[in-house]
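Q: The structure under discussion is supplied below as structure tokens; questions concerning it will follow.
The values are calculated or read from the model by the stated rules, or taken from the named source; none is laboratory data. Everything quoted here is computed from the prediction, not taken from an experiment. Using ideal geometry, Cβ is built from the backbone for each residue, glycine included, and neighbour counts are taken over all protein chains shown. The area values use the complete protein model at the heavy-atom level, side chains included, leaving out ligands, DNA and RNA. Shrake-Rupley method; radii C 1.70, N 1.55, O 1.52, S 1.80 Å.
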Amino acid sequence: MRKWLLPVLLASCAGCATIQRATDYHGARIENGEQPIETVEIENTGWLLFKFIPLGCGDPKSPNEFGCCLFRNTITLQNNLDMLKTEMDRVKSTRALNLSSRKTDETIFIILLTRHAYHTSAVLLK
């Protein structure tokens, strides 16, 4: 039982960077006849010790893949915008509508562990 404790603990403390895509969107105000390509939700999460020491954060250079950045804080708005730009280039989008970002924090064990996340969403247009 003890030999599984460290890998399980490390896996649970790992961060994650994800991009979720949806191709149907019915709420955008579209000007000049532009068509939405997809709606994206970008999330970069990580675990912080005492709210400022990063343990494991998502790797913004390889979203939706297994891996994290240990002891490096990658949970920033700039990293989310870089992932959005990469996604825009992938689908050949020229504009983004309804761009919004927000931060969330979830504290565990009073102030010992904090799950910090940055969320960014947008509608991509041709």
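Q: Considering every residue within segment 45-67, establish whether at least one is hydroxyl-bearing (S, T, Y) and surrounded by 14 or more Cβ atoms within 10 Å (Cβ to Cβ).
A: So far as segment 45-67 goes, yes, one or more of its residues are hydroxyl-bearing (S, T, Y) and surrounded by 14 or more Cβ atoms within 10 Å (Cβ to Cβ).
Q: Can you name every residue in segment 34-58 that is β-branched (V, I, T) and closer than 15 Å to T76 by Cβ? Let's see the steps before the verdict.
A: Filtering segment 34-58 for residues β-branched (V, I, T) gives 37, 39-40, 42, 45, 53.
Those that are β-branched (V, I, T) and closer than 15 Å to T76 by Cβ: I42, T45.
Q: Okay, moving on. Checking the structure you have, find out if any residue of segment 76-93 is at pLDDT below 90 and either open to solvent by less than 90 Å² (accessible area, probe 1.4 Å) or in contact with a strand residue (DSSP E or B) (Cβ under 8 Å, 6 or more places away or on another chain) (or both).
A: Within segment 76-93, none of the residues are at pLDDT below 90 and either open to solvent by less than 90 Å² (accessible area, probe 1.4 Å) or in contact with a strand residue (DSSP E or B) (Cβ under 8 Å, 6 or more places away or on another chain) (or both).
Q: Restricting attention to segment 96-106, which residues are at pLDDT 90 or above and open to solvent by less than 80 Å² (accessible area, probe 1.4 Å)?
A: A96, S100, S101, T104
Q: When the residues of segment 81-120 are narrowed to those that are β-branched (V, I, T) and more than 21 Å from S62 (Cβ to Cβ), which ends up nearest to the chain's Cα centre (by Cα)?
A: The qualifying residue nearest to the chain's Cα centre (by Cα) is T104.
Q: Still on this structure: With respect to T120, is the statement that it is among the β-branched types (V, I, T), at pLDDT 90 or above and either closer than 11 Å to T45 by Cα or surrounded by fewer than 15 Cβ atoms within 10 Å (Cβ to Cβ) (or both) true?
A: So T120 does not fit the description; no.
Q: If you don't mind, there's one more thing I want to ask. Where in segment 28-126 are the strands (runs of 3 or more DSSP E), entirely inside, with at least 1 residues that are farther than 21 Å from C16 by Cα and free of Cβ contacts under 8 Å to residues at least 60 places away in the same chain?
A: On the way: elements: 36-49, 53-58, 68-70, 95-108, 113-125.
Those strands (runs of 3 or more DSSP E) span 95-108.
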